[in-house]
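What follows draws every value from the coordinates through simple rules; no lab data is involved. What you see is a predicted model; the values in this text were computed from it and never measured. Every residue, glycine as well, gets a Cβ built from its backbone with ideal geometry; the counts of neighbours run over all protein chains shown.
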Amino acid sequence: MSPAMRIAIASDHAATDLKAELRDWLIEQGHEVADLGPAPGESVDYPDYGRKLAEVVAEGTAERGVALCGSGIGISIACNRNPAIRCALVSEPLSAALSREHNNANVIAMGARLTGGEMAKACLAAFLETEFAGANDPNSRHQRRVDKLS
């Protein structure tokens, strides 16, 4: 289990059920969770929620973010418009772990129409438990590459 973190979560209308399931699971794991919306039943635009999530993570109010929409694609693009965000769209735990280990991703994106609840939890666990390989070595190849993203 990963140390307790401040995590923000947001979705569009297609992913409110998965958002609620992951929010509750994160709280059970001991994390502090900011649910940025939307409420179930609202029809919303994923760019608005991707931007909101990116701002919260970029300003440091949350250490990590979880972005959800029908496919995960649109909201990940929206999050990545913020230069401080490295949002990785994942569908299984290995890509989630590698997004942290190699890319120092600070937001994970998933598609509610493509990823079931148990797989989403497995992805999220891998994302939260994996450390960045360049964390203790500012001259590492991973840090050098992440620096080029910003």
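Key figures
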read-out: Amide H contacts under 5 Å for residue 44, placed H, 5+ residues apart; value: 13
read-out: Cysteines without a disulfide-compatible partner [the chain; Cβ-Cβ under 4.7 Å]; value: 69, 123
read-out: Normalised contact order of region 6-149, rounded percent, pairs of Cα under 8 Å and 6 or more residues apart; value: 23 percent
read-out: DSSP-assigned coil residues among trypsin sites (Lys or Arg not before Pro) in region 45-128, each with at most 14 further Cβ atoms within 10 Å; value: 81, 113
read-out: Dipole-positive endmost among 150, 26, 8 within the chain (Cβ charges, Cα centre); value: 150
read-out: Potential extension, residue 2-residue 135 segment - 0.36 nm per residue separation minus Cα distance; value: 46.3 nm
read-out: Residue-averaged 222 nm ellipticity for the chain, from DSSP H runs of 4+ at -39500 (n - 2.57), nearest 500; value: -13000 deg cm²/dmol
read-out: Length released on extending from residue 28 to residue 118, taking residue separation times 0.36 nm less the Cα-Cα span; value: 30.9 nm
read-out: ³J(HN,Hα), Karplus 6.51/-1.76/1.60, whole Hz, each residue of region 78-87, x for Gly, Pro; value: 4, 4, 6, 5, 7, x, 8, 9, 10, 9
read-out: Per-selection Kirkwood Rh - the chain (Cα, Å, 1 d.p.); value: 14.9 Å
